[in-house]
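Trainee: For reference, the structure I am asking about is given below.
Derivation of every value follows stated rules applied to the coordinates shown; laboratory data play no part. This structure is a prediction, so every number in the text was calculated from the model and none was measured. Cβ atoms come from the backbone with ideal geometry, glycine included; neighbour counts cover every protein chain shown.
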Amino acid sequence: MSLSGVTVQDDHLGLVAGPFDLAPGEKRVFTRTEEIHHTTVNWAIVTGYGPEGRVCTADATAEVVVEAPCGECASAGEAFS
C-alpha cells in the first residue's frame, strides 16, 4: 500500500523528514547529528496516509548512553570539547 504525506518527528529534534510519499516496499533512512552531554532517550513517530486517507503510524525509541571519558581522553579533554 502506498503512503502519502509521510512525516518523521522526533520528540527532541522536531521534524526530521517529510512530508514525502512512499511506494509499497520503498524504504528511506534519515540521520541527524546532534551534540549531547547526558544520556537521553529519543522517541520518534512516523505518520502517513494510506488509501482513502486512513492514518498510518509507527513509533520507536532509542537510548543514547553518554559515559565519562577514559583517563587518556579526560586528560586531553580540551582537544575533544
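Trainee: Taking each pair of distinct Cα atoms in the stretch 15-60 once, what is the resulting Kirkwood hydrodynamic radius in Å? Mind dumping the intermediate values first?
Mentor: Working: mean 1/r = 0.0763 Å⁻¹.
Across the stretch 15-60, the inverse of the average 1/r is 13.1 Å.
Trainee: Right, something else. Which number do you get for Rg(Cα) / (2.2 N^0.38 Å) in the chain? Intermediate results must be reported in sequence, preceding the final value.
Mentor: Details: Rg = 18.0 Å, N = 81, 2.2 N^0.38 = 11.7 Å.
Rg over 2.2 N^0.38 Å, computed on Cα atoms: 1.54.
Trainee: Compute, for the chain, the length of the dipole vector about the Cα centre, with Cβ point charges of +1 (Lys, Arg) and -1 (Asp, Glu) only. Units Debye, rounded to 20.
Mentor: Working: 4 positive and 12 negative charges, 82 e Å.
Dipole of the chain, to the nearest 20 debye: 400 debye.
Trainee: Any idea what the relative contact order of the chain is, in percent, if you count C-alpha pairs under 8 Å spaced at least 6 apart? Before the final figure, lay out each step's value.
Mentor: Working: 121 pairs, mean separation 23.2, N = 81.
Rounded, it is 29 percent for the chain.
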